[in-house]
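Working notes, structure below.
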Amino acid sequence: MTSFLAPIINSLKIPELRRKIIITAIIIIVYRIAAHIPVSGVDLQALRSLFSGNQFLGLLDIFSGGTLANFSVISLGLNPYINASIIIQLLTMVFPSLEALSKEGEYGRQKINQYTRYLTVPLAVLQSIAMFTLLKNQGIILQFNPLSILLIIVTMTAGTLFAMWLGELITEYGIGNGISLLIFAGIVARMPVTVAQTASLVDTQQILNYLLFAALALAITAGVVFINEGRRQVLVQYARRFTGGREVNRASMYLPLRVNQAGVIPIIFAVSLVLIPSFAGQYLSQLPQPALQNIGRWFIANFQVRSLTYNLTYFFLVIGFTYFYTAVVFNPNKIADELKKAGAFIAGIRPGEATASYLTYILNRITLAGALFLGIVAILPSIVSQITNVTTLALGGTGLLIVVSVILDTAKQFESKLVERNYESFLK
């Protein structure tokens with residue numbers, strides 16, 4: 001435990017890193033304060049009763065950090081921004097102009113981020129309208145005049161943009177990935193509530209079931225750490241150089257390929273998409289058209305948190321997004337080109353295209369192992385909840401996965417900053 005916290009403890013001794021930590025902490029506190037500022041015109045007591053009795057809404061509330069049950073000004077959370085990111089990244093693979101822009105370094109990244117922000121606004125408006133309609137049909141919205149409706153929609157949209165801005169501030173001026181950290185903060189804030197709900201339902205006949213869940217949580221934590229730390233070391237050698245008839249600079253190194261290159265992003269993307277059918281079903285089932293009502297009821301029936309369709313969809317989405325995001329963050333062709341320019345090669349593999357193909361082959365194999373693990377871990381709590389009939393903790397499996405992954409990624413950033421600082425001190 002001491003070795004795990006060592007990077008954080010050492011970073012507090014460095015002014016620059018200490019400033020980043022303080023900025024990150026302040027932004028997270030502001031985000032959590034905003035999570036408790038409710039939108040006007042809503043019956044909060046009826047809203048909390050609705051969320052406590054609906055598994056789908058309960059899961060959505062956990063990932064919003066409790067903002068939905070409070071119907072706060074940031075009740076939509078970062079879901080519109082995440083969905084916009086998914087859409088833009090998919091469009092990048094379809095449109096050559098966007099793909100070319102993504103390869104233009106920092107300028108291209110900034111332009112794509114700007115497009116993502118633009119797309120977030122209409123998505124936030126649509127989700128605000130859907131949320132308003134859902135709550136209106138449940139009798140939770142108290143006022144229906146046009147000004148009140150406009151106020152709710154504008155407030156929720158502005159709250160999403162505010163949360164997005166806070167996340168980008170953390171990424172730029174703080175430490176870690178801002179979006180992931182805000183989602184992490186929301187999940188951690190809801191965990192005591194989940195544990196308290198579980199404790200209130202404990203009886204002597206289900207002690208073994210709760211112990212099973214505790215063992216499962218430990219196993220998931222250990223598994224996430226094991227997979228995140230897993231590496232496939234590819235031996236890279238440098239070409240021979242001769243000076244005065246003697247060989248010099250004959251060196252070798254290892255290219256570490258992570259088993260889980262995508263980190264926690266596939267889980268966040270998958271959760272954002274797998275919740276859409278249930279959300280759409282809640283909305284469609286309240287419409288006056290019978291055909292749309294039937295479609296909505298089908299979505300509700302087949303995309304419950306514990307349903308087979310929901311878990312299979314969730315499982316394959318995690319696998320798909322793991323491969324997709326790995327392809328985004330790791331480019332074998334670029335790595336092969338850089339190795340070739342540096343005079344390096346993989347033993348037995350020709351430089352250039354052959355090296356890129358070899359790296360792709362290895363990456364696909366190890367990513368499959370990581371993707372299957374993430375998919376199984378994501379749906380395992382739901383499966384166990386059906387066996388043990390303990391439903392309150394089933395919602396926390398994916399949350400635990402995100403929490404552990406974000407902690408590991410943030411700790412690695414601390415460590416990399418410390419290493420960078422040590423190198424700078426050495427050069428001085």
Residue within region 348-362 that is open to solvent by 30 Å² or more (accessible area, probe 1.4 Å), at pLDDT 85 or above and closer than 24 Å to Leu91 by Cβ present: yes
Which listed residue is exposed (fewer than 13 other Cβ atoms within 10 Å of the Cβ), in a helix (DSSP H, G or I) and at pLDDT 85 or above, from Ile23, Ile29, Ile9: Ile29
Any chance Leu292 is open to solvent by less than 70 Å² (accessible area, probe 1.4 Å), farther than 29 Å from Ile265 by Cα and not polar (S, T, N, Q): yes
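Looking only at region 93-117, filter to residues that are of a type in the set (Ser, Thr, Tyr) and in contact (Cβ under 8 Å) with a residue 24 or more places away in the chain; which one of those is least open to solvent (accessible area, probe 1.4 Å)?
Looking at residues that are of a type in the set (Ser, Thr, Tyr) and in contact (Cβ under 8 Å) with a residue 24 or more places away in the chain, I get Thr116.
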Residues (in contact with a strand residue (DSSP E or B) (Cβ under 7 Å, 6 or more places away or on another chain) and open to solvent by 50 Å² or more (accessible area, probe 1.4 Å)) located in region 326-346: Phe345
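Residues in region 140-187 that are polar (S, T, N, Q), over 18 Å from the mean Cα position of the chain (by Cα) and assigned to a loop (DSSP other than H, G, I, E, B): how many? Full working, then the answer.
So the first thing to find is which residues in region 140-187 are polar (S, T, N, Q), and the list is 143, 145, 148, 155, 157, 160, 171, 177, 180.
Among the residues that remain, those that are also over 18 Å from the mean Cα position of the chain (by Cα) are: 143, 145, 148, 155, 157.
Right, trim to assigned to a loop (DSSP other than H, G, I, E, B) and you get 143, 145.
Residues in region 140-187 being polar (S, T, N, Q), over 18 Å from the mean Cα position of the chain (by Cα) and assigned to a loop (DSSP other than H, G, I, E, B): 2 in total.
For region 364-403, enumerate the residues that are open to solvent by 30 Å² or more (accessible area, probe 1.4 Å) and modelled with pLDDT of 75 or more.
Asn364, Arg365, Leu368, Ala369, Leu372, Phe373, Ile376, Leu380, Ile383
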Criterion: modelled with pLDDT of 80 or more and open to solvent by less than 40 Å² (accessible area, probe 1.4 Å) - qualifying residue of Ile220, Ile227: Ile227
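The values are calculated or read from the model by the stated rules, or taken from the named source; none is laboratory data. Everything numeric in this text was worked out from a predicted model, so none of it was measured. As a convention, Cβ positions derive from the backbone with ideal geometry for all residues, glycine included, and neighbour counts pool all protein chains shown. The protein model used for the area step is the full one, side chains on, heavy atoms only, and it has no ligands, DNA or RNA in it. Shrake-Rupley method; radii C 1.70, N 1.55, O 1.52, S 1.80 Å.
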